[in-house]
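Written out below as structure tokens is the structure these notes cover.
Each value in this text was obtained by applying a stated rule to the coordinates, not by laboratory testing. In this text the structure is predicted, and so the values were computed from the model without any measurement. For neighbour counting, all protein chains shown are included, and Cβ atoms are generated from backbone atoms with ideal geometry for every residue, glycine included.
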Amino acid sequence: MQIEENVSLKKYNTFGVDANARYFVEIKTEDELQEIITNQEFKKDKKIFLGGGSNILFTKDYDGLIAKISTKGNRVVDENEKEVLVESSAGEKWNDFVTYCVEKNFFGVENLSLIPGTVGAAPIQNIGAYGAELKDVFESLDGIMIDSGEKKSFSKNECQFDYRDSIFKKKYKDNFLITKVLFRLQKEKKFNLNYRAFQSYLKPGEQNKLSLREMSELVKRIRRDKLPNPQKYGNAGSFFKNPEVDLRKINELQEKFNDLVHFKVEEDKYKISAGWLIEKCGFRGKNIGNVGTYKKQALVIINFGGATGDEIKKFSENIQNAVENKFNITLTPEVNIY
Ligand code: FAD
Ligand code: NAP
């Protein structure tokens, strides 16, 4: 393990922001993870454990240690006729884990194909897409308390998963390192095709014939058509969460906007499309300097080249203010801002 000084983070975050880390290390083994946490030289330094950098915005240089997690490995730990438990290391690329499952014919993560980032970061915001969430296949995770070095495991209940949220974004934010995640996957074919995008891509009758590989490829195709490739346009996916409101607020908005995009979550709880709110404020495809929103999805903020993290943050605050003024709704960032 080699600790470097004053390292540019540009290639380690999908926004492509050029901030510097005072110290930087790439970690490839479990022992190195433990070692970096207990290392006396860095004991007092603040630390960020980084995965793929696809949900992060650096607004300034980081005066501490950035440890990029690159531990690898997937293994079956138990199975029966119907189910299989697979343990995956934190530094595995999420999409490589999905590919592993698809190749083994393990069902459950196909709707989450092509989400950038790592396995270790996936529980933090309970990643979700196309009607599926990590919590649907999650069994437990292992990790280390960053301040004390104590090892700790979390069951599904203990993670307090919610919509793009978990205990790791709250009580344990920046103080718990996830090292391994255990998944419960299915051996019997069962697809979740309720999401509206699937209907427009599949011909009648086609959905009954889909193989697991075809289902995963379908998700990838839909994503590539709609979402920007970070290698071309620096971005961190959805910048904000879709806000949740009650029925009274939905009724109030529908009186003014008959095209309101919203979905029922549970009794008296509705999710409004943040992309729709932003679009209605005139921000779809709008640029200020090198920052703007993606023309096909206003919820994605883009660094068109050379933007600083601070410029991106200010642009996001313009959006928040516009949405607050027009709709009296507060948009909460989904991206982790440092
Ligand atoms: P990073 O950005 O590296 O880190 C994010 C946060 O997690 C940081 O606070 C970091 O310190 C912490 N962290 C990272 N690893 C660990 C660990 N092992 N232990 C403890 N803390 C850790 N998200 C979705 O939910 N659904 C989508 O469909 C989706 N699509 C996306 C599409 C694009 C084009 C992009 C760029 C992003 C998208 N995202 C999506 C967001 C992002 O990919 C996910 O949130 C992903 O889980 C982030 O993983 P990461 O490894 O890149 O995390
Ligand atoms: P989309 O299909 O244009 O849909 C817009 C929004 O409407 C989404 O945010 C989605 O909520 C919601 N929605 C659509 N159909 C729904 C249904 N049947 N039931 C409930 N909610 C529904 O979205 P998109 O931008 O192309 O993204 C496609 C999927 O990938 C979405 O699930 C999105 O969350 C995910 N994604 C996430 C990120 C990220 O960074 N978090 C980035 C890119 C894509 P949900 O977001 O709750 O699904």
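Under 8 Å for C-alpha pairs, at least 6 residues apart: give me the relative contact order for region 74-224, rounded to a whole percent.
Averaging sequence separation for qualifying contacts and normalising by length gives 29 percent for region 74-224.
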Original post:
Hey, which of these cross-link pairs are over 30 Å Cα-Cα: Lys93/Lys296; Lys72/Lys264; Lys47/Lys190; Lys190/Lys241?
Top reply: Lys72/Lys264; Lys47/Lys190
**OP:** In whole angstrom, note down how far apart the Cα centers of region 227-298 and region 4-37 are.
**Re:** 32 Å
**OP:** Quick one: dipole size for region 162-287, taken about the Cα centre, charges +1 on Lys/Arg Cβ and -1 on Asp/Glu Cβ, in debye to the nearest 20.
**Re:** 620 debye
Subject >> Spatially proximal aspartates and glutamates relative to Lys156 (Cα-Cα < 14 Å; intrachain offsets below 8 disregarded) >> reply: Glu133, Asp136, Glu139, Asp142, Asp165
Subject >> Choice from Glu30, Glu252, Glu87 with maximal GNM fluctuation in the chain (Cα, 10 Å cutoff) >> reply: Glu252
Original post:
Do the alpha carbons of any pairs in Lys171/Lys295; Lys189/Lys271; Lys10/Lys173 sit beyond 25 Å of each other, and which pairs?
Top reply: Lys171/Lys295; Lys189/Lys271
Original post:
How large is the dipole of the chain about the Cα centre if only Lys and Arg carry +1 and Asp and Glu carry -1, each at its Cβ, rounded to the nearest 20 debye?
Top reply: 1100 debye
Original post:
Among Ser216, Asn105, Gly275, whose Cα sits farthest toward the positive end of the charge dipole of the chain (+1 at Cβ of Lys/Arg, -1 at Cβ of Asp/Glu, about the Cα centre)?
Top reply: Gly275
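With charges set only on the Cβ (+1 for Lys and Arg, -1 for Asp and Glu), what does the dipole of region 74-224 come to about its Cα centre, in debye to the nearest 20?
Dipole magnitude for region 74-224 comes out near 540 debye.
If you build the convex hull over the alpha carbons only and average its shadow over all orientations, what do you get for region 4-69? Give it in nm² to one decimal.
4.2 nm²
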Subject >> Within-15-Å neighbourhood charge of Gly292 [Cβ basis; K, R +1; D, E -1] >> reply: +4
Original post:
Under a GNM of the chain (C-alpha, springs under 10 Å), which listed residue has the highest mean-square fluctuation: Leu33, Leu210, Leu253?
Top reply: Leu253
Subject >> Dimensionless Rg/Rh of region 133-179 - Kirkwood Rh, Rg from C-alpha atoms >> reply: 0.96
**OP:** Given the options Val76, Val86, Val98, state which has the largest fluctuation in a GNM of the chain using a 10 Å cut-off (strictly under) for Cα springs.
**Re:** Val76
Subject >> the chain - percent relative contact order, Cα under 8 Å, separation 6 or more >> reply: 17 percent
Original post:
Lys/Arg Cβ at +1, Asp/Glu Cβ at -1, dipole of the chain taken about the Cα centre: which of Leu185, Ile146, Gly285 is farthest positive-ward?
Top reply: Gly285
**OP:** Find how much the distance from Lys28 to Arg213 grows on full extension, using 0.36 nm per residue of separation minus their present alpha carbon separation; answer in nm with one decimal.
**Re:** 63.6 nm
Original post:
By average Cβ neighbour count within 10 Å, what is the ranking of 189-198, 62-71, 255-264 from highest down?
Top reply: 62-71, 189-198, 255-264
**OP:** Please say if the chain is rounded, prolate or oblate, where rounded means a/c under 1.5 for a ≥ b ≥ c the square roots of the C-alpha gyration tensor eigenvalues, and otherwise the choice is prolate for a/b larger than b/c and oblate otherwise?
**Re:** oblate
Original post:
With contacts defined as alpha carbon pairs under 8 Å and 6 or more residues apart, what's the relative contact order of region 234-337 in percent?
Top reply: 33 percent
